[in-house]
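Undergrad: Before I ask anything, let me first share the structure, which is written out below as structure tokens.
The values are calculated or read from the model by the stated rules, or taken from the named source; none is laboratory data. Computed from a prediction, not measured in an experiment: that's the story for all the values here. All Cβ positions, glycine included, derive from the backbone under ideal geometry; neighbour counts span all protein chains shown. For the accessible areas, the whole protein counts, side chains as well, though only heavy atoms, and no ligand, DNA or RNA atoms are used. Shrake-Rupley method; radii C 1.70, N 1.55, O 1.52, S 1.80 Å.
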Amino acid sequence: AQSVTQLDSQVPVFEEAPVELRCNYSSSVSVYLFWYVQYPNQGLQLLLKYLSGSTLVKGINGFEAEFNKSQTSFHLRKPSVHISDTAEYFCAVRRNSGYSTLTFGKGTMLLVSP
Amino acid sequence: KAGVTQTPRYLIKTRGQQVTLSCSPISGHRSVSWYQQTPGQGLQFLFEYFSETQRNKGNFPGRFSGRQFSNSRSEMNVSTLELGDSALYLCASSLAWTGESEQYFGPGTRLTVT
């Protein structure tokens, strides 16, 4: 089974500052990794995903994440945040062979203030 | 291409009643997954259907059930509602059930049980 730990439940940051949202996973097999964003009263939207290849993955809205297999981490970063980035962010993992479900972390609320 | 649609968007029910939620996947998508989202438990997997067959079920009581129709539309039913069933129920569709297949989420149905 896989599990995901998002180390911060809330991250406050000022507009135009950089931000990193941390995600660690646990799995006995190789996995695919995902970051989703959820704006208020909406469903989840995929930001980016790591399937294979380059460990630095670029996504939408200027976000990127780096897969670190030795540290079992997949931290999400953005060099300069906007007010509109205020949302909840979820890290998720899925086994990369055979059938498995998508397992989510508890989420990190990113609060961007002016 | 139209996204995943869920109806109704909001629902208020009384304890002991039953409820049916509907999900229409993106055209061509054959896999539909359901998740329950609550502040305390986060996102929890309910079940996944592919080509009208339930492929997997999460750790929920038998009061939670679902089905998928030949046009890939899916419904989930919760019988004998309890206060703890109050949650946002999210539906996600994907082309296939394999790990790299991206899941597209609907806006959710907000169920309140009084």
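Undergrad: Please specify each residue of region B:29-54 satisfying the condition of being surrounded by fewer than 16 Cβ atoms within 10 Å (Cβ to Cβ) and under 20 Å from B:R67 (Cα atoms).
TA: Once the filter is applied, which keeps residues that are surrounded by fewer than 16 Cβ atoms within 10 Å (Cβ to Cβ) and under 20 Å from B:R67 (Cα atoms), region B:29-54 yields B:S51, B:E52, B:T53, B:Q54.
Undergrad: If you don't mind, there's one more thing I want to ask. Is there a residue being crowded, with 16+ Cβ neighbours inside 10 Å and modelled with pLDDT under 95 anywhere in region B:63-71?
TA: Scanning region B:63-71, I find no residue that is crowded, with 16+ Cβ neighbours inside 10 Å and modelled with pLDDT under 95, so the answer is no.
Undergrad: In region A:24-44, how many residues are within 13 Å of A:E64 (Cα to Cα) and in a loop (DSSP other than H, G, I, E, B)?
TA: 0
Undergrad: So which of A:Q71, A:Q10 is at pLDDT below 95 and open to solvent by 70 Å² or more (accessible area, probe 1.4 Å)?
TA: A:Q71
Undergrad: Given the conditions (1) surrounded by 12 or more Cβ atoms within 10 Å (Cβ to Cβ); (2) within 12 Å of chain B (Cβ to nearest Cβ); (3) within 25 Å of B:V4 (Cβ to Cβ); (4) polar (S, T, N, Q), report the number of the one that A:N61 does not fulfil.
TA: That leaves (2) as the condition not met.
Undergrad: Of A:F74, A:F34, A:F67, which residue is within 11 Å of chain B (Cβ to nearest Cβ) and closer than 17 Å to A:T5 by Cβ?
TA: Details: A:F74 fails: within 11 Å of chain B (Cβ to nearest Cβ); A:F67 fails: within 11 Å of chain B (Cβ to nearest Cβ).
Within the list A:F74, A:F34, A:F67, the selection yields A:F34.
Undergrad: Let me ask something else. Looking at (1) modelled with pLDDT under 95; (2) within 13 Å of chain B (Cβ to nearest Cβ), which is the only condition A:S54 fails?
TA: Of (1) modelled with pLDDT under 95; (2) within 13 Å of chain B (Cβ to nearest Cβ), only one is false for A:S54: (2).
Undergrad: Of the residues in region B:72-111, how many are open to solvent by 30 Å² or more (accessible area, probe 1.4 Å), out of contact with any Cys (no Cβ under 8 Å at 6 or more places or on another chain) and more than 14 Å from every other protein chain (Cβ to nearest Cβ)?
TA: Result for region B:72-111: 7.
Undergrad: While we're looking at this one, here's another question. Report yes if A:Y25 is open to solvent by 20 Å² or more (accessible area, probe 1.4 Å) and modelled with pLDDT under 95, otherwise no.
TA: The answer is no for A:Y25.
Undergrad: I'm trying to understand the selection: among the residues of region A:74-95, which are more than 14 Å from the chain's Cα centre (by Cα) and surrounded by 18 or more Cβ atoms within 10 Å (Cβ to Cβ)?
TA: Scanning region A:74-95 gives A:V81, A:R95.
Undergrad: Something else about it: So, A:E15, is that one among the acidic types (D, E) and more than 14 Å from chain B (Cβ to nearest Cβ) or not?
TA: yes
Undergrad: Only one of (1) assigned to a loop (DSSP other than H, G, I, E, B); (2) of a type in the set (D, E); (3) touching a residue at least 40 places away in the same chain (Cβ under 8 Å) is not met by B:E48, so which one is it?
TA: Tallying (1) assigned to a loop (DSSP other than H, G, I, E, B); (2) of a type in the set (D, E); (3) touching a residue at least 40 places away in the same chain (Cβ under 8 Å), B:E48 fails exactly one: (1).
Undergrad: Looking at (1) open to solvent by 60 Å² or more (accessible area, probe 1.4 Å); (2) more than 10 Å from chain B (Cβ to nearest Cβ), which one does A:K49 not meet, given that it meets all the others?
TA: Among (1) open to solvent by 60 Å² or more (accessible area, probe 1.4 Å); (2) more than 10 Å from chain B (Cβ to nearest Cβ), the lone unmet condition for A:K49 is (2).
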